[in-house]
Amino acid sequence: MHRESIAVTCFQPTAAILTSTAYRLLGAALLAAAVLPGCSSMSPQRDAATTLDNTAWTLSSLRGMRLVTGQHATLKFAHGRATGSDGCNRFSVNFAAADGQLELGSAGVSTQMACPEPAAELAAAFTGALKDARAYRTEAGSLLLLNASGATLASLLAQPDALAGTAWEVSSFHNGRQSVGSVIEDTRLTLEFLRDSTLRGSGGCNTFTGSFTAEGNALNIGRLASTRMACEQPEGRMAQEAAFLAALQTVTSARREADRLELRSASGSLAVSARLASSVKP
C-alpha cells in the first residue's frame, strides 16, 4: 500500500488518485504555502493570466521521452494557480503569464507518493519541463511549453471537462464503511452521462437511471431508480450494488482529468472513481 503525505516545498511537484484525507491535507497545505515566509519568489497577483487562466490540458508529448499508453499528466490554470498531475503525484503552484511569457513560482505543494516505473520517470521528466518553462504558445488546440531559448519542452492538448456525452467504468467507490473499495472481480459498475441530463448505468447486477445537473465542478445526481433482479454470484454482488448506488446519492462535485473521473461528497470524501470508457450518443 502506498502512503501519502503532503509537503510544502519550494516547488518540486512530483498523480495518482488522492484519498479524501490527502485532499483535506492538500487544502491545509495550500493555506500554509500562502503564509509561509521566504519560500515564494513571485506574487500571485503579478501579470494575472488572461489567455491561460481557466484552461486545462493533458500532456501529449514530452521532449526526450516517449509516452506509454495509459500514462497521463495534466495541467490546469485557474485563479493564479497551476495545478495538475505529473503522472504520479498532484501538485499546485502559483503562476504568472503575459505576452507569451510564463513563470511558475518557486513555492508549491505536492503529494509525496512513491510510484513505480514508468510513472516515476514521467513524473520526473514532466516536473523538469515545468521547472524549465519560461514561455508558452497556443496553436491548433495545443499548448506548447517553451524553455528560455524557445525550444519546445512539452506539448499538451486541451482537456475536455464536460460530463454530458461520456461513459465511465468504475474502478472504486465508497463502500459505506468509512473506506473506499475496489470493484469485485467479474463485476462491472458503469456510468453514462447523456446529453439530455439523464444518468444511467449498471450497478453490477441491475441497471439504473436518474438525472443529473452539472455546473462547473458542482454535480447533483437526482433520485435513482433501478431494476430489481437478484444476482447471487459472485458473493457480495448485491451489497456492492447497494453501496455503489448509495455513494452516488452523496455526490456534490466532480473532477474530470484526462481519462479519470472523481466524484466527491460534500465533505470532500471520494464517492466514486472511474475511468473513461467511450462517448455515448445524444
Note on region 148-167: residues in contact with a Ser or Thr (Cβ under 9 Å, 6 or more places away or on another chain) and under 19 Å from residue 60 (Cβ atoms) are 152, 154, 155, 156, 157, 158, 159, 160
When the residues of region 109-132 are narrowed to those that are surrounded by 23 or more Cβ atoms within 10 Å (Cβ to Cβ) and touching a helix residue (DSSP H, G or I) at 6+ places or on another chain (Cβ under 7 Å), which ends up farthest from residue 259 (Cα to Cα)? 109
Filtered residues of region 237-282 (kept if of a type in the set (Gly, Ala, Ser), within 17 Å of residue 165 (Cα to Cα) and in a strand (DSSP E or B)): 254, 274, 277, 278, 279
For region 240-266, which residues satisfy the criterion of being at pLDDT below 95 and farther than 22 Å from residue 198 by Cα? 258
Selection count where residues are buried (at least 18 other Cβ atoms within 10 Å of the Cβ) and at pLDDT below 90, scope region 40-70: 2
Just for region 269-281: of the residues that are of a type outside the set (Ser, Thr, Tyr) and surrounded by fewer than 14 Cβ atoms within 10 Å (Cβ to Cβ), which one is modelled with the highest pLDDT? 275
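The values are calculated or read from the model by the stated rules, or taken from the named source; none is laboratory data. The model shown is predicted, which means the values in this text are computed figures rather than measured ones. Using ideal geometry, Cβ is built from the backbone for each residue, glycine included, and neighbour counts are taken over all protein chains shown.
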